[in-house]
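Colleague: Submitted below is the structure of interest, expressed as structure tokens.
We did not get these values from a lab; they are worked out from the coordinates using the rules stated. The structure presented is a predicted model; accordingly, all values stated were derived computationally and were not measured. Reconstructed Cβ throughout: ideal geometry from the backbone, glycine too, with neighbour counts over all protein chains shown.
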Amino acid sequence: MAPVLEVSGLVKHFPVEGSHAVVQAVNGVSFTIAAGETVALVGESGSGKTTIGRCVLGLVPPTAGSIRFRGRDMGRRWNVRSPALRGKMQLVFQEPGESLDPRMPIGRSIAEPLRLGSLDRAARERRVQEVVQRVNLPLDILDQYPTELSAGQQQRVAIARAIVTDPELLVLDEPTSALDPTARAEIIELLMRIQRELGTAYLFISHDLSTVHQVSHRIIVLYLGRVLEEGASRAVFRTPRHPYSVGLLSAVLLPSPGLRRETTFVLEGEIPSPINMPPGCPLATRCPFRIDRCSTAFPDAERIGPQHVVHCFRHEEVAAREHATDTFEEFQRIAQRILAARGDRPESELAGIPALPPHRQADRVEDDTER
Amino acid sequence: MTEAMRGEAQSLVTRANIRQGNPASAGRASAASEGPAVIDVRDLEVAYYVYGAEPTRALRNVSVRLRPGEILGLVGESGAGKTTLARAIMRVVPRPGRIERGEIFFMGTDLGAMSEAELSKLRGRDLAMIVANPRGELNPLLRIGPQIATIAEVHLGVSRKRGLEMALDMLRAVAIPDPERRLRAYPHELSGGMAQRIVIAMALICGPRFVISDDATSGLDVTVQAQVLDLLRKLVREQNTSMLYITRDIGVAANFCDRVDIIYKGEIVEDAPTEAFFSGPAHPYSNFLFAAFSHNAELRRRWMGSAPSPESDAAEALCLYADRCVKRQVRCLAEHPALRELAAGRLARCHFPVER
Amino acid sequence: MAVVRYIAGRLAFLVPQIIGIVLVSFLLIKAVPGDPATLMLGPMATPQTIAELRAQLGLDKPLPVQFLIYVDKLAHGNLGTSWQTTKPVLDDLRVRFPATLELVTYGMLLALAIGIPLGVASALGKRGPLAKLGGFYGLVAGALPDFWLALILIYIFYSLLGWVASPIGRIDVTVTTPHMITGFYTIDSLLTGNWAAFRSSVHHLILPVLTLGLVNAGPILKMTQATMERTLEADFSLYGRLCGLPEKLVIRRAFRNALPSVITIVSVLYGFLIGGAVLIEIVFSWGGAGQYAVQGVLNSDFNPVLGFVIFSALFSLVVYLIVDLIYLAIDPRIRR
């Protein structure tokens, strides 16, 4: 089956105003997303992940390369709002409050993408109610305004609006970064359930590796607009082969004291400016494995597993030095051990648990995983 | 930062209190924090007065103590009162907030009894703050060097020349590459990580005894965050500074802090040494929060009650977490729980804490 | 070096801007009904004499030709003559433009002197009496018609109290006007040591300057207050306080950050007042450029109008250039 999305040789350069310099945001990125699959673009600010998302959405025209969606070349004339796409590609951004019109009631916001379609008014309303229930929001929210909702609820609305046209691909740009931890967990579970139920493919753009670990099937590690490593999520998290992936994973602080990916080296310094970059590997300035070749040529892709590809001249040495370990999984085991016990008292003593007074009963947000 | 500078930095107030010890709070020292407190917040209440509405209680009965050199992590979600507490300790509660009750002692001195002039002598010298959005904290029209130097000039009475020398030392201490050139840079020429280091340099230039970091590293990329945290810990340990580290990320708390306080709806609901907390939180809310990081839907569901009620909580008798709590009992609706000691150094505000 | 290149670029752009402005004004003026030949010759003129005069004035030619002729003359520094004053427009404006400029400049200075301190003060004491005064002042200054305020001031200070000179002209008729150097009577009289002229011109300036100052302080006050409130609440001001910087320093830094907005409103007002002060000029029989242009419009005397437009456009463009240079000096973010 043809992939839902096929990005090949994507390049995006932005001119710097008032000079001949260019920001080399994306420098030749190729990847595909299959139906129902989640592919995560990970990397730090300046890695080009957001620009790639915008190119895929057609919001900025690529400098070179092609983007094929459902087998058709997007060309330069289409974007995510084009009627020709019939809403088969949708997006969710980081700040739910900013992507919703504050003067538009929620119901109308959600129905907006349907205006392109052929549904009549009644069918549209039915469809809106359907997706609102799917994202576990109460129906009376339709008449409310964005400011009356919490950030988590706003993001649910944004997701409802995105899935209202029954898309095949959702581009999710840092969809949980602005949320509190508990709201973030809810949204992630919601997104995973929607994918299970509807088979939507996700392009998941995030710098939060814990979240990526949970949601993605495959991950692509980006640095200064280049793919350094990509592969099945499990493989990359367990056996990262690029020095940058190792550095990134070992910098993550998990909620268990001292639980950190052990590594034999650290990445010094910060991501350099993407303006007028020299040739070669973009990590060369920070990499402890740097050799002369690194500053003259960017390493070709080397296949090191069924789906695992790395761009590094010295990946075998990295492999020899690093243990295969997935600290995220390790943390999940620890969390499981800790949280499994709730220390509840025997059933007989719980008989008298009272209901809350009616005024304190909140609109219950149902659990997403149960539906 | 040299010893000599530390000496210059220490205020008279501070020195006097070190000599005398800290009699005012000696009797109240809980098991969680033996020894003289650098910061001792007692029963602090802050409310926000919005015209035409009931005042919102942002902080309820908050007591926090920090020993010298201790890093305390204050963890909670937005709206829990974290920033309000930080501002209250600095005595700059944002309008329309008001400190209703409670005291804040710094090295045994009641900050509430000090005049604004005395307070601004303490701020930036003995009490420092590092804030998020580092680029916004820097004045966009001024060069980095003078911005850092001014703080030393104002508090330590040094000359501009000496101030710039100290600023240069600080830039080296926070590992900024090419520090001489950065002194002449403007804020917009810096990356986020760089700007955050500048703000750290500003906070630490006078060698403060107490530093608050309000969500200061959350906007940074992970590899940069790791570097900045390592640096912060090194500087804080070298100077034996105490630090209140405010964050939403319990991952950072687990790896950076000595002790963890969980705040919920303006109340400290749990206070525990880091190791103890992360081997099993006691308060049901702490467990729920912890479960949100587990990335395990089933575990999260185990700890999830119903959603929080949107209205403010007038009913004093209730436990504030009762409406969301999976362990709710009759008593939780009848009696507001006190923060009580479960084991040495471990406190929780719960009638039925989780025992493991 | 970059600054010099920047200025050169801006100045080079000035010429096409001026031509564009002239073209638009030219077309607008021609669209206004009214025939100068008829007006010049009076009601008794025969159609034939009118036609002759029209031909003489070039009014019978097609519009594009008329425009090209005008531009050609303009390129040689000839702005045409006014049939009302029968003098070359350039000579008229050489006297009248400085008259307006002197009035407006002092008016703006007074407005700044009132608006900025009041604006800062009301931003500082957000709820205090000064803020209330500032708010009230902004409202009143915005609602007061300037010519009405001028008449009130004349009534009080000239008619009742007799403290100032009669509201006619720039200087007493009995005093010899100072030799023209800058065209500002106050400055020229000082430069030539003509004390009587200095005293008299200051006396004549008091009321119109007071009017302009009082009225235009309103927007300056508002802008200063709004921007200062924002910069005082900005993160860097809060952080300055958290670092224990003295409040005075925090305020000074906040003001510096507020300055660009204030300068913008000042430049806009300044450019606007060149023509916008015309009612004041009329009330005080100032004989300024605005009055000259309005007379021209009313009597289909086109050359003074176009001359005025060119003068004030040039003036505004120069003011904007200066403002941009000030921004450049204040704000490092726009330097590159």
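Colleague: Could you give the size of the charge dipole of segment A:161-230 about its Cα centre, using +1 on the Cβ of each K and R and -1 on the Cβ of each D and E, expressed in debye and rounded to the nearest 20?
Modeller: Working: 6 positive and 11 negative charges, 15 e Å.
Value, rounded to 20: 80 debye.
Colleague: Given the C-alpha centroids of segment C:1-73 and segment B:228-255, what is the distance between them in whole angstrom?
Modeller: Each part reduced to its Cα centre gives a spacing of 73 Å.
Colleague: If the chain between B:Ala334 and B:Arg95 were fully stretched, how many nm would it gain, using 0.36 nm times the residue separation less the Cα-Cα distance?
Modeller: Working: separation 239, 0.36 × 239 = 86.04 nm, distance 3.37 nm.
Full extension of this stretch gives 82.7 nm more.
Colleague: Same structure again: For chain B, build the convex hull from the C-alpha positions and give me its volume per residue in Å³. Don't jump to the answer; show the numbers that get you there.
Modeller: Working: hull volume 51.5 nm³, N = 356.
Convex hull volume per residue, Cα atoms: 145 Å³.
Colleague: If you bin every alpha carbon distance in segment A:5-216 into 10 Å steps from zero, what whole percent lands in each bin?
Modeller: With 10 Å bins starting at 0, P(r) equals 8, 34, 36, 18, 4, 0.
Colleague: Taking 0.36 nm per residue of separation and subtracting the Cα-Cα distance, what length does fully extending C:Val65 through C:Phe157 add? Could you put the intermediate results ahead of the total?
Modeller: Values: separation 92, 0.36 × 92 = 33.12 nm, distance 5.27 nm.
Taking C:Val65 through C:Phe157 to full extension adds about 27.9 nm, to one decimal.
Colleague: Looking only at GluC sites (Glu not before Pro) in DSSP loops with at most 11 other Cβ atoms within 10 Å, what is the longest site-free stretch of chain B?
Modeller: In chain B, the maximal stretch lacking such sites is B:35-310.
Colleague: In peptide B:116-128, what is the residue-averaged number of other protein chain Cβ atoms found within 10 Å of each Cβ?
Modeller: Working: counts 2, 2, 0, 2, 8, 2, 1, 6, 7, 2, 1, 3, 3.
For this peptide, the per-residue mean of nearby foreign Cβ atoms is 3.
Colleague: Is there a quick way to get the dipole size of chain A? I mean about its Cα centre, with the Cβ of Lys and Arg at +1 and of Asp and Glu at -1; what is the value in debye to the nearest 20?
Modeller: Values: 44 positive and 46 negative charges, 202 e Å.
About 960 debye.
Colleague: Oh, and also: Lone cysteines in chain B, going by a 4.7 Å Cβ-Cβ cut-off?
Modeller: Here B:Cys206, B:Cys257, B:Cys325, B:Cys350 come out as lacking a disulfide-compatible partner, given the Cβ-Cβ threshold of under 4.7 Å.
Colleague: Answer with one residue from B:Met170, B:Leu111, B:Leu44: the one whose Cα lies farthest towards the positive end of the charge dipole of chain B, charges on Cβ with Lys, Arg +1 and Asp, Glu -1.
Modeller: The one lying farthest along the dipole's positive direction is B:Met170.
Colleague: Projected onto the charge dipole of chain C (+1 at Lys/Arg Cβ, -1 at Asp/Glu Cβ, origin at the Cα centre), which of C:Val215, C:Gln48, C:Leu139 gives the Cα projection farthest towards the positive end?
Modeller: C:Leu139
Colleague: Still on this structure, please answer the following. Could you give the angle, 0 to 90 degrees to the nearest 10, between helix C:247-276's Cα long axis and the longest principal axis of the Cα atoms of chain C?
Modeller: For helix C:247-276, the angle is close to 10 degrees.
Colleague: Relative contact order for chain C: what is it in percent, counting Cα pairs under 8 Å that are at least 6 residues apart?
Modeller: Numbers: 390 pairs, mean separation 84.0, N = 336.
Over chain C, the number comes to 25 percent.
Colleague: Right, another one. Separation of segment B:166-191 and segment A:151-202 by C-alpha centroid, Å?
Modeller: Result: 41 Å between the Cα centres.
Colleague: What trypsin sites (Lys or Arg not before Pro) in segment A:246-352 are in a loop by DSSP, with at most 15 other Cβ atoms within 10 Å of the Cβ? Mind dumping the intermediate values first?
Modeller: Values: sites: A:Arg260, A:Arg261, A:Arg286, A:Arg290, A:Arg293, A:Arg303, A:Arg314, A:Arg321, A:Arg333, A:Arg337, A:Arg342; in loops: A:Arg260, A:Arg261, A:Arg286, A:Arg290, A:Arg314, A:Arg342.
Sparse-neighbourhood loop trypsin sites (Lys or Arg not before Pro): A:Arg342.
Colleague: Based on the Cβ-Cβ distance from C:Ile187 to C:Arg94, what FRET efficiency comes out when R0 is 22 Å, to the nearest 0.05? Mind dumping the intermediate values first?
Modeller: Numbers: r = 15 Å, r/R0 = 0.70.
After rounding to 0.05, the efficiency reads 0.90.
Colleague: Pairs of alpha-carbon atoms within less than 8 angstrom and 6+ residues apart define the contacts here; what relative contact order does chain B have, in percent?
Modeller: On the way: 664 pairs, mean separation 68.0, N = 356.
Contact order relative to length: 19 percent.
Colleague: Stretch A:Leu139-A:Glu302 to full length: gain in nm at 0.36 nm per residue minus the Cα-Cα span? Walk me through the numbers on the way to the answer.
Modeller: Numbers: separation 163, 0.36 × 163 = 58.68 nm, distance 5.15 nm.
Full-extension gain reported as 53.5 nm.
Colleague: Obtain the radius of gyration and the Kirkwood radius of the protein assembly as shown from its C-alpha atoms and give Rg over Rh.
Modeller: Details: Rg = 35.9 Å, Rh = 34.2 Å.
Taking Rg over the Kirkwood Rh, I get 1.05.
Colleague: Let a ≥ b ≥ c be the square roots of the eigenvalues of the Cα gyration tensor of segment C:95-293; is it rounded (a/c under 1.5), or, if not, prolate (a/b larger than b/c) or oblate?
Modeller: Prolate shape, in that a/c is at least 1.5 and a/b is the bigger ratio.
Colleague: Further question: GNM, chain C, Cα, under 10 Å: largest mean-square fluctuation among C:Leu93, C:Leu190, C:Leu149?
Modeller: Answer for the Gaussian network model of chain C: C:Leu190.
Colleague: Can you give me the distance in nm between label points at C:Tyr327 and A:Glu316, each placed 7 Å from the Cα along the Cα-to-Cβ direction?
Modeller: Those two pseudo-labels are separated by 5.9 nm.
Colleague: Can you sort A:Trp78, C:Trp286 by how many other beta carbons sit within 10 Å, fewest first? Display every interim value, and only then the final one.
Modeller: On the way: A:Trp78 18, C:Trp286 25.
With the sparsest Cβ surroundings first, the list reads A:Trp78, C:Trp286.
Colleague: Here's a follow-up. How many nm is it between the label spots at A:Ala64 and A:Arg108, if each spot is 7 Å from the Cα in line with the beta carbon?
Modeller: 4.7
Colleague: Just list whichever of B:Lys82/B:Lys121; A:Lys12/B:Lys234; B:Lys161/B:Lys234; A:Lys49/B:Lys234 have alpha carbons separated by over 30 Å in the model shown. Walk me through the numbers before you get to the answer.
Modeller: Details: B:Lys82/B:Lys121 24 Å; A:Lys12/B:Lys234 41 Å; B:Lys161/B:Lys234 27 Å; A:Lys49/B:Lys234 33 Å.
From B:Lys82/B:Lys121; A:Lys12/B:Lys234; B:Lys161/B:Lys234; A:Lys49/B:Lys234, over 30 Å: A:Lys12/B:Lys234; A:Lys49/B:Lys234.
Colleague: How many nm is it between the label spots at B:Glu298 and C:Leu28, if each spot is 7 Å from the Cα in line with the beta carbon?
Modeller: Label at B:Glu298, label at C:Leu28, 7.7 nm between them.
Colleague: Relative to the Cα centre, what is the charge dipole magnitude of chain C, using +1 at the beta carbon of each Lys and Arg, -1 at the beta carbon of each Asp and Glu, and rounding to the nearest 20 debye? Display every interim value, and only then the final one.
Modeller: Numbers: 24 positive and 18 negative charges, 256 e Å.
Computed about the Cα centre, the dipole is about 1240 debye.
Colleague: Still on this structure, please answer the following. What span do the alpha-carbon atoms of chain A cover on each of the three principal axes, reported in whole Å from largest to smallest?
Modeller: Principal extents (Cα only, largest first): 71, 58, 43 Å.
Colleague: For C:Lys222, which aspartates and glutamates qualify as cross-link partners when the Cα separation must be under 19 Å and same-chain residues fewer than eight apart are set aside?
Modeller: C:Asp146, C:Glu233
Colleague: Rounded to the nearest 0.05, what FRET efficiency do A:Arg76 and C:Ser166 give with R0 = 56 Å and r taken as the Cβ-Cβ distance? Could you check? The partial results should precede the final answer.
Modeller: Details: r = 73 Å, r/R0 = 1.30.
The formula returns an efficiency of 0.15 here.
Colleague: Using the alpha carbon gyration tensor of chain C, what are the three equivalent-ellipsoid semi-axes (square root of 5 times each eigenvalue), largest first, in whole Å? Please report the intermediate quantities before stating the final value.
Modeller: Values: eigenvalues 351, 144, 68 Å².
Result for chain C: semi-axes of 42, 27, 18 Å.
Colleague: Rounded to the nearest 0.05, what FRET efficiency is calculated for B:His188 and C:Trp148 with R0 set to 41 Å and r the Cβ-Cβ distance?
Modeller: Numbers: r = 47 Å, r/R0 = 1.16.
The computed FRET efficiency comes out at 0.30.
Colleague: Please tell me the relative contact order of chain A in percent, rounded to the nearest whole number, where contacts are Cα pairs under 8 Å and at least six residues apart.
Modeller: So the answer I get is 19 percent.
Colleague: Using only the alpha-carbon atoms of segment C:86-196, report the extent along each of the three principal axes, biggest first, to the nearest angstrom.
Modeller: 56, 32, 30
Colleague: What is the sum of charges, Lys and Arg at +1 and Asp and Glu at -1, for the other residues whose Cβ falls under 15 Å from the Cβ of C:Gly307?
Modeller: After counting each charged neighbour, the total is +1.
Colleague: Sticking with this structure for a sec: Considering only C:Pro33, C:Pro167, C:Pro129, give the residue with the highest GNM mean-square fluctuation for chain C, with springs between Cα atoms whenever their separation is below 10 Å.
Modeller: Result for chain C, Cα springs under 10 Å: C:Pro33 fluctuates most.
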